[in-house]
2 protein chains.
Amino acid sequence: MSNILKKEAFIIPEGVIYLDGNSLGPMPKAVAARVQSMLTDEWGEMLIRGWNFAGWMDQPMRVGAQVARIIGAAEGSVVMGDTLSLKVFQALAAAIKMNPERRVILSDTGNFPSDLYMAEGLVGLMEQGYELRTVAPEEVVDAVDDSIAVVMLTQVDYRTGRTHDMNAITELAHRHGAVMLWDLAHSAGAIEVDLEGSNCEFAIGCTYKYLNGGPGAPAFIYVRPDLADTIKPALSGWLGHRQPFAFDLNYKAGAGIERMRVGTPPVIQLTALEVAMDLWADVDMAELRRQSVALQEQFITEIERDVPQLTLASPRDSAVRGSQVSLQFHEGFAAMQAIIERGVIGDFRAPDIMRFGFTPMYLDAADISAAVKIIADVMNNNLWDQDKYKVRSKVT
Amino acid sequence: MSNILKKEAFIIPEGVIYLDGNSLGPMPKAVAARVQSMLTDEWGEMLIRGWNFAGWMDQPMRVGAQVARIIGAAEGSVVMGDTLSLKVFQALAAAIKMNPERRVILSDTGNFPSDLYMAEGLVGLMEQGYELRTVAPEEVVDAVDDSIAVVMLTQVDYRTGRTHDMNAITELAHRHGAVMLWDLAHSAGAIEVDLEGSNCEFAIGCTYKYLNGGPGAPAFIYVRPDLADTIKPALSGWLGHRQPFAFDLNYKAGAGIERMRVGTPPVIQLTALEVAMDLWADVDMAELRRQSVALQEQFITEIERDVPQLTLASPRDSAVRGSQVSLQFHEGFAAMQAIIERGVIGDFRAPDIMRFGFTPMYLDAADISAAVKIIADVMNNNLWDQDKYKVRSKVT
């Protein structure tokens, strides 16, 4: 029995159809009460003792286990903390030291810019001829050769939703002696992921999108279990130390994935995330994926029937598309503003992409039809063509 | 008119005298309602639009301005984010590149271990002969020479409360061409700090201690305003980019201190911190310091009179002591457990330090006398000498 649609578990404001869960998921209803009790009963009453009595210290591993299940990772191979940008740096710094004779990080122009920026920062810091090499997404396969130290890719393109073949590219990287790092920002909670099966060394991702952890929810990092005890953390913070409270003057990396912890964990954010992740405990990811594809197919069909002036910018083949549909329109910013004002919330990515995310946990077929009706009304009646919508289109 | 004591603004559980605000400050009463409204009215109702409508995007700078006032920093020179360990890395990575001919980071054994660990991680990542050199706190002055790239010190020693002379050491570092980085973990909200006057290049600190921001509250970083536009961020995340939403493929550092932002900010934690910082808006730090010293002097006098078996481990001269008093006792762990069980909450740091923090915002002279009475009762009647208190003393 599939238990995917849980609309009643979320706050969805009256009159809103939310197609932006790929950017920031809506709030699970249980979050407010749980955070309140963490604040009042834990921080308020236990004070410093909350670190032990309320289990704050173990939370990054506990929530990591919740995330691990969703991405096909073994228990104890995922830990939470910091932000996705920092996890890029952390994973990349460990990965590059595994290939000390090589100097090239390979990525693609479809990667989220912050991943590229963090790699640029790492390379600039290390000097010694390290290099970030970026090719078009379709050229990645040809660019993997024996000079590559690390292949770093985001599985689902944030603009178009196009997916990379995780197993094939990982295998290719390994054949050339490169380490594989996957960013699952738009994968976790969106599509089926089999991290263990892929055999990649590292994976990272965020939890405020499809996992509904709230604005600024902590990121996750996965290290393949057979490597976790050998990698050298560059961000060697005290909570990744074998005995944080020994206050040793020298760093000794903790056991396994625990060494990827850095500083004091953000307990309030983790508490919101932990209760949001409870909603995933009984979710069959294969069934969620089936429902996500069905909603997307319905959306594309209805858009192409009713609003032909919007051009599909995502792959038509759902097998190589994540959980979003992107449409191209020359005045996409203005159009999206007008659509949002009428209750259908998607978002815009420069220069001309209108993005819509599909999340079967709180969207059903009726929502999709209702959304298309509003989009068609805005587009077919040129409701977007007013100064109030267009004024900001140059400043995004 | 001094407005320091604001006991009624905090949750202090019945029967508790809280002398551990140097580890985790208590919860300001306003936090629960403010976080609740952020969750329900902002995340819940605005969804993705909260980034603009609720001002989430500007929060790291807005809260940075609140912190700047407390540490004598110019407006616009402080930004919030991540954890203190990460801010150590970020500041150190920028600092070391300012002295490209030099290879040594100088610190001391009184520094918080995580600061040393992060420096170790940075040095291990960069290779090329970089080195972390650590001397005893009293030897720092003699160890500063023309080979030092960066001097990195924590102003207030976390174990003993001993302070370094910020102005003198900064001047010494500069005389030798070294860059100065101060960790203000036990300074911000505890003592008067005049960052601008010190002329140091970098400062960092946390906000969950004296500033009462909650468990895992974000850290802060200060860069001297004349340098902020020239330093090169190693943790070059998208929110430190000049135009994060241009989704440029290349990193271009943002204006001034904004370049020290990294990833998506932790909005829930920042909201708790922001309302906690409101309590500091009318605080005169000189007056707070006077009251802190008075409470500490009272505590030392009463302890030495009533509990002579405890040895003062902090400097006796309040001019070189932060806002804590540390006492040495061979069975300090067991003793602290027994004291905590009777409502006086301090903490223990291996091997034999009992720490007590002094926070005039929610402690007055009557609290200190009541605390000493309980400590004396435990110590003079050997109430700590029971298996239930001693059992864990080896595992801290």
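Report the trypsin sites (Lys or Arg not before Pro) located in the range A:225-259 that are in a DSSP loop and have at most 14 other Cβ atoms inside 10 Å of their Cβ, or state none. Working shown, then result.
Working: sites: A:Arg242, A:Lys252, A:Arg259; in loops: A:Arg242, A:Lys252.
Filter output for the range A:225-259: A:Arg242, A:Lys252.
May I ask you to work out the translational diffusion coefficient for the range A:57-280 at 25 °C, viscosity 0.890 mPa s, via Stokes-Einstein with Rh from the Kirkwood sum over Cα pairs, reported in whole µm²/s?
Rounded, D is 141 µm²/s.
Taking a ≥ b ≥ c as the square roots of the Cα gyration tensor eigenvalues, with a/c under 1.5 meaning rounded and otherwise prolate when a/b beats b/c, else oblate, which class fits the range A:203-261?
oblate
What percent do you get for the relative contact order of chain A when only Cα pairs under 8 Å and 6+ apart count?
After rounding, I find 22 percent.
More than 27 Å apart: what percent of Cα pairs in the range A:38-178 qualify?
Tail of P(r) above 27 Å: 34 percent of Cα pairs.
Dividing the convex hull volume of the alpha carbon atoms of the protein assembly as shown by its residue count, what do you get in Å³ per residue?
Roughly 151 Å³ of hull volume per residue.
Quick check on the range A:57-280: of the DSSP beta bridges with both residues there, what percent are antiparallel, nearest 5%?
Roughly 40 percent of the DSSP beta bridges within the range A:57-280 come out antiparallel.
For the range B:148-234, state which GluC sites (Glu not before Pro) are in a DSSP loop and have at most 16 other beta carbons lying within 10 Å of their beta carbon. Provide the component values of the computation, followed by the final result.
Numbers: sites: B:Glu171, B:Glu192, B:Glu196, B:Glu201; in loops: B:Glu192, B:Glu201.
Within the range B:148-234, the qualifying GluC sites (Glu not before Pro) (loop, at most 16 other Cβ atoms within 10 Å) are B:Glu192.
Connecting C-alpha atoms closer than 10 Å in a GNM of chain B, tell me which of B:Ala91, B:Ala294, B:Ala188 has the biggest fluctuation.
B:Ala294
Taking a label point 7 Å out from Cα toward Cβ, give me the nm distances from B:Leu5 to the same spot in the other copies, shortest first, one decimal.
The answer, with the shortest distance listed first, is 6.2 nm.
Filter the GluC sites (Glu not before Pro) in the range B:1-106 down to the DSSP loop ones having no more than 13 other Cβ atoms within 10 Å, then list what survives.
B:Glu14, B:Glu75, B:Glu101
Work out the charge dipole of the protein assembly as shown with +1 on the Cβ of Lys and Arg and -1 on the Cβ of Asp and Glu about the Cα centre, then indicate which of B:Val135, A:Ala9, A:Val325 is farthest towards its positive end.
Working it through, the farthest residue towards the positive pole turns out to be A:Ala9.
Is chain A best put as rounded, prolate or oblate by its Cα gyration tensor, with a ≥ b ≥ c the root eigenvalues, rounded for a/c under 1.5, and otherwise prolate when a/b is larger than b/c, oblate when not? Don't skip to the end; give the middle numbers.
On the way: a/c = 1.94, a/b = 1.30, b/c = 1.49.
Verdict is oblate for chain A.
As a test, work out the antiparallel percent of DSSP beta bridges whose residues both lie in chain B, rounded to the nearest 5.
Of those bridges, close to 55 percent are antiparallel.
When each copy gets a label point 7 Å from Cα toward the beta-carbon at B:Ala30, what are the spacings between them in nm, shortest first?
Copy-to-copy label distances for B:Ala30: 3.3 nm.
Quick check: from the Cα gyration tensor, does the range A:3-86 come out rounded (a/c under 1.5), prolate or oblate?
oblate
What's the average, rounded to a whole number, of partner chain beta-carbon atoms within 10 Å of each residue's beta-carbon in B:21-29?
Mean shielding by partner chains, rounded to a whole number: 4.
Which value, in debye to the nearest 20, gives the size of the charge dipole of the range A:57-280 about its Cα centre, when Lys and Arg are +1 and Asp and Glu are -1 at the Cβ?
620 debye
Taking beta carbons within 10 Å but only from partner chains, what does the mean come to for residues A:105-117?
4
Could you give the distance between the Cα centres of the range A:38-66 and the range B:352-373, to the whole Å?
About 25 Å separates the Cα centre of the range A:38-66 from the one of the range B:352-373.
Between B:Gly129, B:Gly189, B:Gly237, which gets the highest mean-square fluctuation from a Gaussian network model of chain B, Cα cutoff 10 Å?
Sorting by GNM fluctuation, first place goes to B:Gly129.
Where a number appears in this text, it was derived from the coordinates with a stated rule and is not lab data. Keep in mind that this is a model prediction, so the values were computed, not measured. Positions of Cβ are generated from backbone atoms using ideal geometry, with glycine treated the same way; all protein chains shown enter the neighbour counts.
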